[in-house]
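Student: The structure's right below; bear with me while I get my questions together.
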Amino acid sequence: MRSKSGSFALILRWEGRVSQDREGTVIDLFVIGGGINGCGIARDAAGRGLRVELAEMNDLAWATSSASTKLFHGGLRYLEYFEIRLVREALIERETLLRAMPHISWPMRFVLPYHRDMRFEGETPTSRILNLVMPWMKGRRPAWLIRLGLFLYDHLGGRKILPATATLDLRAGPEGAPLKDKFTRAYEYSDCWIEDSRLVVLNARDAEARGARIRTRTRVQSAERVGDLWQVTLKDQETGATEVVQARALVNAAGPWVKDVISGTLRLDSAEGVRLVRGSHIVTRRLFDHDKCYFFQGTDGRIIFAIPYEGEFTLIGTTDAEHGQADTRPECTPEEAEYLCRFASEYFKTPVTRADIVWTYSGVRPLYDDGAKSATAATRDYVLTLAEGSGAPLLNIFGGKITTYRKLAEAALAKLRPFFPDAGADWTAGVALPGGDFPVDGFDRLTESLHRAYPFLTEPWARRLVRAYGTEAVDILGEAREAADLGPDFGATLTGAEVRWQMDHEYARAAADVVWRRTRLGLKMTEAQIAALDDWMQQERGLDRAAPVAAKG
């Protein structure tokens with residue numbers, strides 16, 4: 001397990017770098033956007049020896065990267081769109097990423113019940129072909145096609161860790177117990193869970209450890225080419241202070257705001273477009289007792305997942321709906337919530353109703369605008385465009401999915417290599433993120449070790465800490481001999497020691513950063529507890545509490 005001395009050294013390096021940058025040092029790469037693509041690129045570039053800075057106008061993972069379905073997956077349904085390269089790359093990445101972060105990512109089995117009424121989404125290439133050659137199917141997905149898709153899913157990515165697809169008799173196992181009796185057969189396949197917000201934070205931390213500067217709550221007000229450099233004007237969102245940074249290259253990884261940055265912040269013309277697609281999720285009371293997930297196919301051709309969530313809940317999603325403006329905060333509409341309830345109720349014996357919902361969340365996917373007729377059909381692949389201008393390059397990042405963020409970062413650095421010929425080679429494959437330096441099958445052993453070292457921890461508490469922090473959990477607990485040694489108890493096993501760690505090492509500044517992104521403990525805390533946490537954090541920072549804390553997200 002990692003020592004505390006390394007963390008202290010990090011602080012010293014950080015302070016020295018801030019001083020140097022403020023003296024006017026020209027950096028190599030400036031990254032706009034603190035989502036998974038921006039932080040992944042910053043980490044990759046810093047590890048190649050480039051001098052990197054990143055600015056995020058809010059908290060890390062504030063938008064899309066904290067609102068995913070929390071899966072590393074190949075995209076089984078993308079096979080129907082013939083997105084073979086994207087699926088293959090994502091399938092290979094599942095296991096590469098799993099090895100590097102076994103604390104925040106782990107294998108899960110997905111149960112896909114089959115029934116003859118299941119249908120294609122009408123505009124997929126596969127559905128058009130089958131409607132032509134098998135018109136009597138009337139848009140239904142035949143069982144042989146699903147099995148073929150799962151065969152490809154098993155073999156396209158060179159699977160080594162995850163188990164292969166199996167066939168289930170739903171009449172004989174716990175997987176069929178919560179489902180309607182008409183579902184008697186299912187296919188079971190593998191994908192991986194990922195704690196999406198923590199993935200972003202850990203990439204930012206590793207980038208910082210390798211020399212990058214991470215600026216949160218910092219807006220890029222403007223950027224313009226001056227000679228062979230970018231001159232970037234920054235504004236601290238909390239203090240109002242402004243600063244100018246010079247960089248040899250600029251990366252626009254602003255997610256839903258990528259087009260706004262091009263036309264507004266940079267004042268440039270571009271024919272490239274972004275399609276904003278809202279994906280909404282509902283979190284309900286726990287709907288089934290086992291730890292497997294469900295992959296449900298609808299009569300409208302769409303699919304949703306029903307996933308065990310945070311021990312006490314079930315996560316259901318997602319929708320695909322057009323979203324107007326990036327600055328419009330996405331919310332799960334009553335219609336979307338009702339759609340997800342109705343969809344899930346087609347499978348579960350006990351209908352899912354609005355009364356079962358304890359929380360909802362939505363994110364906006366910034367998809368590359370490929371002219372597809374529907375949001376569902378729009379490509380999930382990423383597109384990188386390089387504009388050299390007068391010599392100071394601009395790299396714009398369109399689209400992408402969380403599973404391929406590391407490959408996207410490698411592709412971004414490949415685009416920029418001509419401008420940085422001395423940069424190092426690809427290096428991130430297999431390199432552990434902070435806290436992930438233990439074997440893929442070592443989670444239970446690590447949890448048992450933590451519980452022995454700190455016997456006052458309950459078993460669920462110990463598991464939660466290892467899931468969040470891996471080998472660094474012991475650094476948070478330090479010399480504590482009882483729970484009281486960890487400082488204030490904010491509820492749901494959240495203590496002052498853990499919050500202080502997030503403030504000192506993970507860029508957390510407000511209660512929402514802690515309970516809705518770095519953890520999801522807000523689901524188990526009261527509004528009063530969250531407000532008390534925010535008061536404490538602002539006092540620790542030497543600030544007055546500025547505004548009431550939102551109860552949910």
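The values are calculated or read from the model by the stated rules, or taken from the named source; none is laboratory data. Just so it is clear, the model here is predicted, and its values are computed rather than measured. Here Cβ is always computed from backbone atoms with ideal geometry, including for glycine, and neighbour counts include all displayed protein chains. We work out accessible area using only protein heavy atoms, side chains counted, and drop any ligands, DNA or RNA first. Shrake-Rupley method; radii C 1.70, N 1.55, O 1.52, S 1.80 Å.
Student: Filter the range 456-477 down to the residues that are within 22 Å of GLY442 (Cβ to Cβ) and not in a helix (DSSP H, G or I), then identify the one that is least open to solvent (accessible area, probe 1.4 Å).
Tutor: LEU457
Student: How many residues are of a type outside the set (A, V, I, L, M, F, W, C) and in a loop (DSSP other than H, G, I, E, B) if we restrict to the range 26-51?
Tutor: 6
Student: Another question, if that's okay. Can you list residue pairs whose Cβ atoms sit under 7 Å apart, with the first residue in the range 25-36 being crowded, with 24+ Cβ neighbours inside 10 Å and the second being among the aromatic types (Phe, Trp, Tyr)? Count only pairs 6 or more apart in sequence or on different chains.
Tutor: Between residues of the range 25-36 that are crowded, with 24+ Cβ neighbours inside 10 Å and residues that are among the aromatic types (Phe, Trp, Tyr), the close pairs are PHE30/TRP230; ILE36/TYR405.
Student: Taking into account only those residues within the range 396-435 that are of a type in the set (Gly, Ala, Ser) and part of a loop (DSSP other than H, G, I, E, B), which is nearest to MET101 (Cα to Cα)?
Tutor: ALA432
Student: Mind checking which pairs have a first residue in the range 264-279 that is under 18 Å from ILE32 (Cα atoms) and a second that is open to solvent by less than 30 Å² (accessible area, probe 1.4 Å) and not in a strand (DSSP E or B), Cβ under 6 Å, 6 or more apart or different chains?
Tutor: From residues that are under 18 Å from ILE32 (Cα atoms), the pairs are LEU268/ILE262; SER270/ILE262; VAL274/VAL258.
Student: Can you find, within the range 54-92, the residue that is least open to solvent (accessible area, probe 1.4 Å) among those that are assigned to a helix (DSSP H, G or I) and closer than 12 Å to LEU162 by Cβ?
Tutor: Per the stated criteria, the residue is LEU91.
Student: Return yes or no: is GLU448 part of a helix (DSSP H, G or I) and open to solvent by 40 Å² or more (accessible area, probe 1.4 Å)?
Tutor: In short, yes.
Student: State which residue is surrounded by the most Cβ atoms within 10 Å (Cβ to Cβ) when the search covers only the range 93-112 and only residues that are under 22 Å from ASP441 (Cα atoms) and of a type in the set (Val, Ile, Thr).
Tutor: ILE104
Student: Here's a follow-up. All but one of (1) touching a Phe, Trp or Tyr at 6+ places or on another chain (Cβ under 8 Å); (2) open to solvent by 60 Å² or more (accessible area, probe 1.4 Å); (3) within 29 Å of ALA207 (Cβ to Cβ) hold for GLU482; which doesn't?
Tutor: With (1) touching a Phe, Trp or Tyr at 6+ places or on another chain (Cβ under 8 Å); (2) open to solvent by 60 Å² or more (accessible area, probe 1.4 Å); (3) within 29 Å of ALA207 (Cβ to Cβ) applied to GLU482, the lone miss is (3).
Student: Also, I was wondering about something else. It is to be established whether one or more residues within the range 143-157 are of a type in the set (Val, Ile, Thr), over 30 Å from PRO434 (Cβ atoms) and in a loop (DSSP other than H, G, I, E, B).
Tutor: So far as the range 143-157 goes, no, none of its residues is of a type in the set (Val, Ile, Thr), over 30 Å from PRO434 (Cβ atoms) and in a loop (DSSP other than H, G, I, E, B).
Student: Something else: Output yes when any residue across the range 158-165 is of a type outside the set (A, V, I, L, M), open to solvent by less than 60 Å² (accessible area, probe 1.4 Å) and over 30 Å from GLU93 (Cα atoms), and no when none is.
Tutor: Scanning the range 158-165 turns up no residue that is of a type outside the set (A, V, I, L, M), open to solvent by less than 60 Å² (accessible area, probe 1.4 Å) and over 30 Å from GLU93 (Cα atoms).
Student: Here's something else I'd like to know. Pull out all pairs, ordered by first then second residue, where Cβ-Cβ is under 7 Å, the residues are six or more apart or on different chains, the first lies in the range 368-389 and is among the β-branched types (Val, Ile, Thr), and the second is at pLDDT below 65 and surrounded by 17 or more Cβ atoms within 10 Å (Cβ to Cβ).
Tutor: As it stands, the answer is THR376/GLU121, since those pairs meet every condition given.
Student: Consider PHE398 carefully, then state whether it is open to solvent by 10 Å² or more (accessible area, probe 1.4 Å) and either more than 27 Å from LEU91 (Cβ to Cβ) or among the aromatic types (Phe, Trp, Tyr) (or both).
Tutor: Criteria not met by PHE398.
Student: Restricting the search to the range 428-439, which residues are open to solvent by less than 60 Å² (accessible area, probe 1.4 Å) and over 20 Å from the mean Cα position of the chain (by Cα)?
Tutor: PHE438, the sole residue that qualifies.
Student: Also, I was wondering about something else. Going by the structure shown, is LEU367 farther than 30 Å from ARG285 by Cα, at pLDDT below 95, touching a strand residue (DSSP E or B) at 6+ places or on another chain (Cβ under 7 Å) and open to solvent by less than 20 Å² (accessible area, probe 1.4 Å)?
Tutor: Spelling it out, LEU367 is indeed farther than 30 Å from ARG285 by Cα, at pLDDT below 95, touching a strand residue (DSSP E or B) at 6+ places or on another chain (Cβ under 7 Å) and open to solvent by less than 20 Å² (accessible area, probe 1.4 Å).
Student: Kindly list the number of the only condition in (1) among the hydroxyl-bearing types (Ser, Thr, Tyr); (2) open to solvent by 70 Å² or more (accessible area, probe 1.4 Å); (3) within 27 Å of the chain's Cα centre (by Cα) that fails for THR265.
Tutor: (2)
Student: Filter the range 149-192 down to residues that are among the acidic types (Asp, Glu) and closer than 15 Å to HIS115 by Cβ, then give me how many there are.
Tutor: Within the range 149-192, residues that are among the acidic types (Asp, Glu) and closer than 15 Å to HIS115 by Cβ number 3.
To keep it simple, each residue is scored yes or no on (1) modelled with pLDDT of 95 or more; (2) crowded, with 17+ Cβ neighbours inside 10 Å.
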residue	(1), (2)
LEU486	yes, yes
GLN502	yes, yes
ARG520	yes, yes
GLU527	yes, no
ASP534	yes, yes
MET537	yes, yes
ALA546	no, no
ALA550	no, no
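Student: Let me ask something else. For the range 332-348, does any single residue satisfy the condition of being open to solvent by less than 10 Å² (accessible area, probe 1.4 Å), part of a loop (DSSP other than H, G, I, E, B), in contact with a Leu (Cβ under 8 Å, 6 or more places away or on another chain) and at negative phi?
Tutor: Yes, that holds for at least one residue.
Student: Listed residues ASP228, ASP236; which is without any contact (Cβ under 8 Å) to a residue 24 or more places away in the chain, more than 16 Å from ILE41 (Cα to Cα) and surrounded by fewer than 23 Cβ atoms within 10 Å (Cβ to Cβ)?
Tutor: Only one candidate passes the filter, namely ASP236.
Student: Which one of these does LEU50 not meet: (1) modelled with pLDDT of 95 or more; (2) touching a Leu at 6+ places or on another chain (Cβ under 6 Å); (3) open to solvent by 40 Å² or more (accessible area, probe 1.4 Å)?
Tutor: With (1) modelled with pLDDT of 95 or more; (2) touching a Leu at 6+ places or on another chain (Cβ under 6 Å); (3) open to solvent by 40 Å² or more (accessible area, probe 1.4 Å) applied to LEU50, the lone miss is (3).
Student: Whether any residue in the range 128-145 is modelled with pLDDT of 75 or more, surrounded by fewer than 16 Cβ atoms within 10 Å (Cβ to Cβ) and out of contact with any strand residue (DSSP E or B) (no Cβ under 8 Å at 6 or more places or on another chain) is what I want to check.
Tutor: Yes, the range 128-145 contains at least one residue that is modelled with pLDDT of 75 or more, surrounded by fewer than 16 Cβ atoms within 10 Å (Cβ to Cβ) and out of contact with any strand residue (DSSP E or B) (no Cβ under 8 Å at 6 or more places or on another chain).
Student: Here's something else I'd like to know. Can you list the strands (runs of 3 or more DSSP E) found entirely within the range 184-303 that contain at least 1 residues being out of contact with any Phe, Trp or Tyr (no Cβ under 7 Å at 6 or more places or on another chain) and within 30 Å of LEU29 (Cβ to Cβ)?
Tutor: So the answer is 213-215, 218-226, 229-236, 242-252, 274-285.
Student: Test ARG116 against the stated conditions and say whether it is touching a residue at least 60 places away in the same chain (Cβ under 8 Å), more than 21 Å from GLN502 (Cβ to Cβ) and among the basic types (Lys, Arg).
Tutor: Answer is no for this residue.
Student: Another one. So the check is Cβ under 8 Å with 6+ separation or different chains; which pairs have a first residue in the range 445-471 that's farther than 17 Å from LEU494 by Cα and hydroxyl-bearing (Ser, Thr, Tyr) and a second one that's open to solvent by less than 10 Å² (accessible area, probe 1.4 Å) and not in a loop (DSSP other than H, G, I, E, B)?
Tutor: Every condition considered, the pairs that remain are THR447/ALA462; THR447/VAL466.
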